[in-house]
Amino acid sequence: MINVLIVEDDFRIAEIHQSLLESIDGIKVVGKALRAEESWSFIETHKVDLLLVDVYMPDQLGIDLVIELKKKYSHLDYIMITAARDTNLLERSLKAGVFYYLIKPVELEKLREVIELYKTQKEIMLSNEFVDQKMVDLVFRISSTESKSNEYLPKGINELTLSKVLEIVKSLPDGTTAEEMGERLGASRTTARRYMEHLVSTGKMKAELEYGIVGRPERKYFHQ
């Protein structure tokens with residue numbers, strides 16, 4: 001479970017973002033801070049993994065908050081959200097090591113995509129004891145070919161999760177169901193099915209109906 005703290009002074013936006021985040025498997029919003037100062041006391045008393053931080057807070061710039069927090073809490077990750085078009089803020093955020101930078105008004109589907117990307121990167125890091133170049137490329141998304149292919153993926157599908165699904169199914173000669181794949185991904189059966197059906201449509205996987213003990217057909221997926 002990834003615990004998220006929303007640092008946003010507009011409570012309406014905070015509630016919208018909370019609603020979206022809580023619809024994503026493996027994500028839990030543990031709190032909302034309306035001021036930068038509130039985030040300090042919250043982090044001291046709660047387990048937090050990721051912060052969604054608005055740049056313009058009433059008591060402090062969000063990027064300044066991130067830089068200060070990183071000195072004491074090195075394990076925290078950050079996604080910056082701002083209405084600003086200031087290149088300097090983007091540059092400072094990149095140098096501070098934020099995971100992503102979103103421009104308001106934030107499209108909810110884009111926020112979902114970024115959170116899914118964050119989840120996938122965490123899963124890759126946790127599921128691999130040793131590092132190879134393929135893993136590094138997946139984590140940093142530095143391949144121009146991969147970036148280009150991402151532009152043509154349907155909504156709700158991101159390249160990292162897609163690669164992980166394909167890697168898993170390659171290791172399962174007897175195939176897998178959507179429910180089984182969901183358990184391996186730490187995602188819902190619906191999410192797993194969406195990714196596998198996409199891979200079926202591209203010819204990288206195939207699906208067959210298998211009948212269980214009670215005769216009810218079950219869709220099973222295999223590497224093609």
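Derivation of every value follows stated rules applied to the coordinates shown; laboratory data play no part. This is a predicted model, so every value here is computed, not measured. Note: ideal-geometry Cβ built from the backbone for every residue, glycine included; neighbour counts use all protein chains shown.
General observations
- Of the beta bridges in the chain, as assigned by DSSP with both residues counted there, near 30 percent are antiparallel.
- Qualifying lysines (Cα of each under 17 Å from Cα of residue 220; at least 8 residues distant if same chain): 170, 204, 206
- With the charge dipole of the chain set up from +1 on Lys and Arg Cβ and -1 on Asp and Glu Cβ about the Cα centre, the Cα lying farthest toward the positive end among the listed residues 136, 39, 223 is that of 223.
- Sites residue 88 and residue 127 - FRET efficiency at Förster radius 35 Å, r taken between beta-carbons, to 0.05: 0.40
- Largest mean-square fluctuation among 42, 130, 99, in a Gaussian network model of the chain whose springs join Cα atoms under 10 Å apart, belongs to 130.
- For the chain, a Gaussian network of Cα nodes joined below 10 Å ranks 65, 50, 117 by mean-square fluctuation, and the top entry is 65.
- Structure remark: mean-square fluctuation, Gaussian network model of the chain, C-alpha springs under 10 Å; the largest value among 14, 192, 83 belongs to 83.
- Taking the charge dipole of region 51-119 about its Cα centre, with +1 at Lys and Arg Cβ atoms and -1 at Asp and Glu Cβ atoms, the residue from 81, 60, 96 reaching farthest to the positive side is 96.
- Judged by the ratio a/c of the largest to the smallest principal axis of the C-alpha gyration tensor, the chain counts as prolate, that ratio being 1.5 or greater while a/b is larger than b/c.
- Ranking 17, 105, 205 by Cα position along the charge dipole of the chain, where only Lys, Arg, Asp and Glu carry charges on their C-beta atoms, puts 205 farthest toward the positive end.
- Those lysines that a straight Cα-Cα span of less than 26 Å connects to residue 95, excepting residues fewer than 8 apart in one chain: 32, 47, 70, 71, 72, 104, 110, 119, 122, 134, 148
- Modelled this way, with points 7 Å down the Cα-to-C-beta line, the labels at residue 218 and residue 180 are 0.8 nm from one another.
- GluC sites (Glu not before Pro), loop per DSSP, at most 16 other Cβ atoms within 10 Å - longest free stretch of the chain: 23-106
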